Every structure is written in C-alpha cells, then in structure tokens.
Amino acid sequence: ENLYQAGDDVWKIYNFNFELNKLKNAYRGMPDAPSESLLKEQAARIVRNTVPNYNMAPEVIKTLRRAPVGNFIAFPYEILRTGANTIAIGIDELASTNAKIQQIGLRRLTGAITTFGALPAAVSAASYDLSGVSEEEMKAYQRSLAPPWERNARLIPTGRDKETGLPTYVNYSYSNPYDMLERIAIAALNKADQGQIEGKNGAQIVFGAANEALSE
C-alpha cells in the first residue's frame, strides 16, 4: 500500500511541475505576469482537479467501497470527476486572452477527447476480431433490431446466438466512464462559444453538457 501511494505521489509531483512549467512559459516576458506563488497555486489546483485522488471521493463513495460489490466504485467516480474537471479547465483556457493559454486549453481538450475515445475503440476492434462479428453487422443490428436506448451505445460483440444467428454483445456504454466523458467533452465543445457569450464559466458549460449527455 505504501509503495502504491509513493508511486501515486511521484505522478502527482511530475504533473505539478509539468503544469507549472506550461504556465511559466505562457506568461514569460509579459508585464502583467502572475507571481510564481500564484502560478504554483494554479498548477496545484489543476493537479488536484485532474489527477485521480481517491481521498477526494465523498463519504457516500467511501462507504460504498466497503460493500462486497463496491471495491472499484472509486475508480469510475474519479475518472468522471477528473475528466469533467479537465474539460472545464480546457474550456476556461480556450476563453483566455493569452494566446499561449488558449493553446494549452486546445491541447488539453484534444488530449482528453483522444484519451476518452482510444480505450473504447481498442476494445471494439479486439472484440470484432475475437467474436467473428463484423463492425458492419453490429451497426446493421443497432439500426434495425437494437432497442432505442442502445441505438447510439457502444456495443461489444461476444459471439452469436446459436438459434437466431444474431450477435450477442455487452453494452460497453453502461459500465465505461470514458463513454460518458467522451459525450460530455463533445457537447461541451459544441456549447463553449454560446456559453461564453452568456457569461458562463467552464464548470457551468460542462454541467450543462453533462445533463445533455445523461439525457441521451
């Protein structure tokens, strides 16, 4: 446990220095540059909000972790918390008047969307190879036979039903926190310009995008 915690701490320290250096470079040579102490506070805030930290979980999550079926509930919670915060911070950075901060925000959002979509795509590709069900067959099933709540979900084929020959599958969207984040990120980017015109910050824009993703 101590070894795991130490590795976790090293990762947080690395991210803190990485974020601090990005901020220093963005404000270097500017007459109104924030002080180093303010930049350190900002870097620390970004790390606290975007790097998983199971101590940040609320009491209800910590309580569920003690249940026989709740051992890993803190993981999806932290993925959702840090993922939503990453999107919100990226949206705020895009709204900055500092061109270098805007670039940081664009890279942050691009990296987030790539991360959220990469794992599901890899799982899908492997499942098509292993199950013998092609991607075209799976999409045809979703268009014509799948229930309405699975028409836009990521379905992972596991084989075929012996009697009907139809694909058997797992709805990966139900259990994959990255799926929700991918939807939130795309919705937040679509709403960013209008939200900023209305005076909303990144967190408010992401909250609206999350509600839209949950409705879907």
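The values are calculated or read from the model by the stated rules, or taken from the named source; none is laboratory data. Predicted model, so just to flag it, every value in this text is computed and none were measured. Every residue, glycine as well, gets a Cβ built from its backbone with ideal geometry; the counts of neighbours run over all protein chains shown. To get the accessible areas, we keep the full protein, side chains included, count just its heavy atoms, and leave off ligands, DNA and RNA. Shrake-Rupley method; radii C 1.70, N 1.55, O 1.52, S 1.80 Å.
Mean separation of Cα pairs under 8 Å and 6 or more residues apart, divided by the residue count, gives the chain a relative contact order of 17 percent.
Share of the chain's accessible area from carbon and sulfur, percent, 1.4 Å?
Details: 7520 of 13120 Å².
Within the chain, the accessible surface is 57 percent carbon and sulfur.
For the pair the stretch 167-216 / the stretch 1-67, the C-alpha centres are spaced 23 Å from each other.
Only Lys, Arg, Asp and Glu count, each charged at its Cβ (+1, +1, -1, -1), so figure out the dipole size of the stretch 116-197 about its Cα centre, rounded to 20 debye.
Values: 8 positive and 10 negative charges, 35 e Å.
Around 160 debye, computed over the stretch 116-197.
When every Cα-Cα distance of the chain is counted in 10 angstrom steps from zero, the calculated P(r) takes the values 7, 25, 30, 23, 11, 3, 0, 0 percent.
If I stretch the segment between SER215 and SER144 completely, what's the gain in nm (0.36 nm per residue apart, minus their alpha carbon distance), one decimal? Display every interim value, and only then the final one.
Numbers: separation 71, 0.36 × 71 = 25.56 nm, distance 2.21 nm.
Result for the pair: 23.3 nm of gain on full extension.
FRET efficiency for the pair ASN15 and GLU59, taken as 1/(1 + (r/R0)^6) with r the Cβ-Cβ distance and R0 = 30 Å, rounds to 0.70. Considering only LEU155, LEU106, ALA209, and ranking their Cα positions along the charge dipole of the chain that arises from unit charges at the beta-carbon of Lys, Arg, Asp and Glu, the one farthest toward the positive end is LEU106. The residues of the chain expose on average 61 square angstrom of accessible surface per residue, using a 1.4 Å probe on protein heavy atoms. Here's the picture: charge each Lys and Arg Cβ at +1 and each Asp and Glu Cβ at -1 in the chain, and of LEU130, SER144, TYR27 the one pushed furthest to the positive end of that dipole is TYR27.
When SER131, SER37 are compared by accessible surface with a 1.4 Å probe, the order from highest to lowest is SER37, SER131. Ordering 141-147, 83-89 by mean Cβ neighbour count within 10 Å, with the highest value first, yields 83-89, 141-147. For the chain, a simple Cβ point-charge model (Lys and Arg +1, Asp and Glu -1, everything else neutral) yields a dipole of about 360 debye relative to the Cα centre.
By how many nm would the segment from ASP8 to ARG48 grow when fully extended, if each residue of separation counts as 0.36 nm and the alpha-carbon distance is taken off?
Numbers: separation 40, 0.36 × 40 = 14.40 nm, distance 1.25 nm.
Full extension from ASP8 to ARG48 adds 13.2 nm.
In the chain, helical runs assigned H by DSSP with n ≥ 4 each contribute -39500 (n - 2.57); averaged across all residues and rounded to the nearest 500, the mean residue ellipticity at 222 nm is -23500 deg cm²/dmol.
THR97 to ALA122: FRET efficiency via 1/(1 + (r/R0)^6), r the Cβ-Cβ distance, R0 35 Å, to the nearest 0.05? Please report the intermediate quantities before stating the final value.
Values: r = 38 Å, r/R0 = 1.10.
In this case the efficiency is close to 0.35.
Between ASN25 and GLN196, the modelled label-to-label distance comes to 2.1 nm, taking each label 7 Å out from Cα in the direction of the beta carbon.
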